[in-house]
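Q: Take a look at this one; I'll ask things after.
Read-outs throughout are calculated quantities, based only on the coordinates presented, and are distinct from any laboratory measurement. The structure presented is a predicted model; accordingly, all values stated were derived computationally and were not measured. Cβ placement follows ideal geometry from the backbone for every residue including glycine, while neighbour counts extend to all protein chains displayed.
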There are 2 protein chains.
Amino acid sequence: MSLLVVGTVAFDAIETPFGKTDKIIGGAATYIGLSASYFTDQIKMVSVVGDDFPDSMIKTFNENNIDTEGLQVRKGEKSFFWSGRYHDDLNRRDTLVTELNVLADFDPIVPESYQDCDFLMLGNLTPAVQKKVIQRLQKRPKLIVMDTMNFWMDIAMDELLETIQMVDVLTINEEEARQLSGEYSLVKAAQKILTMGPKYLVVKKGEHGALLFSGNQVFFAPALPLEEVFDPTGAGDTFAGGFIGYLAKSQDISFDNMKRALIYGSAMASFCVEKFGTERIIGLDAPELESRIKSFIDLVQFDIALVG
Amino acid sequence: MSLLVVGTVAFDAIETPFGKTDKIIGGAATYIGLSASYFTDQIKMVSVVGDDFPDSMIKTFNENNIDTEGLQVRKGEKSFFWSGRYHDDLNRRDTLVTELNVLADFDPIVPESYQDCDFLMLGNLTPAVQKKVIQRLQKRPKLIVMDTMNFWMDIAMDELLETIQMVDVLTINEEEARQLSGEYSLVKAAQKILTMGPKYLVVKKGEHGALLFSGNQVFFAPALPLEEVFDPTGAGDTFAGGFIGYLAKSQDISFDNMKRALIYGSAMASFCVEKFGTERIIGLDAPELESRIKSFIDLVQFDIALVG
């Protein structure tokens, strides 16, 4: 039942056409953990922050069923910081500042009490660090999901391919699927990537939804058309957190259950973008989530009776 | 039961990364009519060609249940000709040649035998011509679907708005929905456009599917992820033809039936792009179409039981 989440816990400063934040809490493991916490109450986090990171946020993690024994707090050092500005269409953003700080030499230590985890979510990080986590687990988890990005394809392709080979599900966006495979058609890209190790590939298309490929099967989860998209930061991680959180809860890693997991992930992501940072994904209640799932059902379900 | 299709019947010369054609048969009414012919056998076409247009193609229309009494053949004149070249990603294209020829002063004459049509599909044309067709019908059809494009928003917005006001369903692409409404969010764009006359708005997103808006309801039909997209020409018209053809067949213009119609339209469009021009949408058999619909069901159907 338990889920190990590895990834950044960080500060972000975000500018969108609708406003601007000072340093707020961000990071892949933050979004993944908070999102997964709606589905499973045994989440264990491996990450690193500096002593500038607020105790109150660590308390929020703990209150949301996220065990922080594996969250290293480095005295006298600063947390990872990213700052970015979104273009008017919110589909592109420019990075203004990246300060690695504690992340520069992050050694992902897995506490003994985390060793029994059944599900592992590797948030976007140096592939070598992601690999180290897998190697440090005495028992291979039932399911390993890995997120990554084009940056590692540009500068660390060999290490990336080694790590990809060790995981069950890879989540990347459209352009990354094309870059990794050298194929423009996503169907062909998926066929190639599924020979690289993973049995499942999730292609994230942002406002255009997400595709799940496995063998010859394909499933599409839409994104919910929203009146306002306020801040896309963390949407992909929130999606991944909902996806693996639902799988960990249901203990069923069949293709059919992954379809449901993808819908839950998409629902969580649709909340995430409605406010800055993590604001909207803390404190959601069950009826709110249920009603959002119903919107997804209404959005795509149709009824055609085939003769054959 | 009968469907009146108005639009261009033309020659196209197409270049894609995969090949190049000489002049082949194209035009909105061609794709709409052929696509609709899989659903209804009473299609009536209003269009204009020159005497360079092959009799064999008119015969093909007739063999596919398309009545061509309203297809004017102008002696000594040439048919509309368009030539274009697609970029590598097939999402953008450059127009190389546009020769209006017979289209320059097209007067859409509606034969007396067409007057009883229940469904009207206005393919992309000068809005004034589209309007004239509506005005020339003695009895208002049960449903009027209108396609248009950004070109008319640029040069004939007033006429366009007058025509839009007279129709039930408007089909445009994402960028056109934004241009017409002045809203970036498609949800807000739809809300605005639905105050301009149409009760239904279909937003075509190409490889990202299509959205149907009406009142507060929204439905999403995906595009089928294909291994090869060979030539996107006519996909939007083929989609529209399947959509209105299915509605004409089933005589049901409820929102729930429009969902099905959208899926049939998407299925027809998924065939269209597999070969050059109309090649793939002539001579499809029933099992082929049925199997394609099944692919759409498999692509998006999931099973989540809600408690509430």
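Q: Quickly estimate the mean residue ellipticity at 222 nm for chain B, helices only: each DSSP H run with n ≥ 4 gives -39500 (n - 2.57), and the total goes over all residues, rounded to 500.
A: -10500 deg cm²/dmol
Q: Under the rule of at least 5 residues apart or a separate chain, name every residue whose amide H is placed under 5 Å from the amide H of B:K78.
A: For B:K78, whose amide H was placed from the backbone, the distant partners under 5 Å are B:V102.
Q: Shifting gears a bit: If I histogram all Cα-Cα distances within the protein assembly as shown using bins 20 Å wide from 0, what percent of pairs lands in each bin?
A: 19, 47, 26, 7, 0
Q: Kindly write out, for region B:199-214 in residue order, the coupling ³J(HN,Hα) from the Karplus curve 6.51 cos²θ - 1.76 cosθ + 1.60 (θ = phi - 60°), rounded to whole Hz, with x marking Gly and Pro.
A: 8, 10, 10, 10, 9, 8, 10, x, 5, 9, x, 8, 10, 10, 10, 7
Q: Let me check the size of region B:116-192 from its C-alpha atoms; what are the radius of gyration and Dmax in Å?
A: 12.7, 40
Q: Mind listing the Cα extents of region B:69-122 along all three principal axes, in Å, largest one first?
A: Sorted largest first, the three principal extents are 46, 32, 14 Å.
Q: While we're on this one: Aspartates and glutamates near B:K199 by alpha-carbon distance under 13 Å, same-chain residues fewer than 8 away left out - which ones?
A: Of all the aspartates and glutamates, those that pass the test against B:K199 - Cα under 13 Å, at least 8 places apart if same chain - are B:D168.
Q: Looking at the protein assembly as shown, send over the antiparallel percent of its DSSP beta bridges, to the nearest 5.
A: For the protein assembly as shown, the DSSP antiparallel bridge percentage is about 40.
Q: Right, next: What shape does region A:1-70 have by the C-alpha gyration tensor, where a ≥ b ≥ c are the square roots of the eigenvalues, rounded means a/c under 1.5, and otherwise prolate means a/b greater than b/c and oblate the rest?
A: Prolate, since a/c reaches 1.5 and a/b exceeds b/c.
Q: How many Å³ per residue does the convex hull of the Cα positions in region A:1-139 occupy?
A: Given the Cα convex hull of region A:1-139, per-residue volume reads 119 Å³.
Q: Return, for the Cα atoms of region A:187-238, the radius of gyration and Dmax in Å, separated by a comma.
A: Every Cα atom of region A:187-238 included, Rg and Dmax give 13.1, 39 Å.
Q: Name the shape class, rounded, prolate or oblate, that the alpha-carbon gyration tensor gives for chain A, where a ≥ b ≥ c are the square roots of its eigenvalues, rounded holds for a/c under 1.5, and otherwise prolate holds if a/b is larger than b/c and oblate otherwise.
A: Rounded shape, in that the Cα axes give a/c under 1.5.
Q: As a quick test, which of the pairs A:K78/A:K132; A:K23/A:K275; B:K259/B:K294; B:K44/B:K139 have an alpha carbon distance above 21 angstrom in this structure?
A: Checking Cα-Cα distances, A:K78/A:K132 exceed 21 Å.
Q: Expressed as a fraction of 2.2 N^0.38 Å, the rule-of-thumb size for a compact globular protein of N residues, what is the C-alpha radius of gyration of region A:111-154?
A: Taking the Cα Rg and dividing by 2.2 N^0.38 Å, one obtains 1.22.
Q: Which whole number gives the average, over all residues in A:215-227, of C-beta atoms from other chains lying within 10 Å of the residue C-beta?
A: Counting other chains' Cβ atoms within 10 Å and averaging over A:215-227 gives 5.
Q: Right, next: Go through region A:129-138 residue by residue and turn each phi into a ³J(HN,Hα) via Karplus (6.51, -1.76, 1.60, θ = phi - 60°); whole Hz please, and just put x for glycine and proline.
A: In residue order, the calculated couplings are 6, 4, 5, 4, 4, 4, 5, 7, 8, 5 Hz.
Q: Next question, about the same structure. Give a residue-ordered list of calculated ³J(HN,Hα) values for region A:247-256 (Karplus: 6.51 cos²θ - 1.76 cosθ + 1.60, θ = phi - 60°; whole Hz; x for Gly, Pro).
A: So the Karplus estimates, Gly and Pro as x, are 5, 5, 4, 8, 6, 9, 10, 6, 4, 4 Hz.
Q: Tally the DSSP beta bridges in region A:1-77 and give the antiparallel ones as a percent, rounded to 5.
A: Beta bridges within region A:1-77, antiparallel portion: roughly 30 percent.
Q: Right, another one. Would you compute, for the Cα atoms of region B:67-222, the largest minus smallest coordinate along each principal axis and list the three values in descending order, in whole Å?
A: 48, 43, 29
Q: Let me ask you something else. Rank by packing, highest mean first: peptides A:156-163, A:215-222, A:299-306, with packing defined as the count of other Cβ atoms within 10 Å averaged across residues.
A: Answer by packing, highest mean first, reads A:215-222, A:156-163, A:299-306.
Q: Further question on the same structure: Projected onto the charge dipole of the protein assembly as shown (+1 at Lys/Arg Cβ, -1 at Asp/Glu Cβ, origin at the Cα centre), which of A:I304, B:G215, A:Q135 gives the Cα projection farthest towards the positive end?
A: Going by the Cα projections, it comes out as A:I304.
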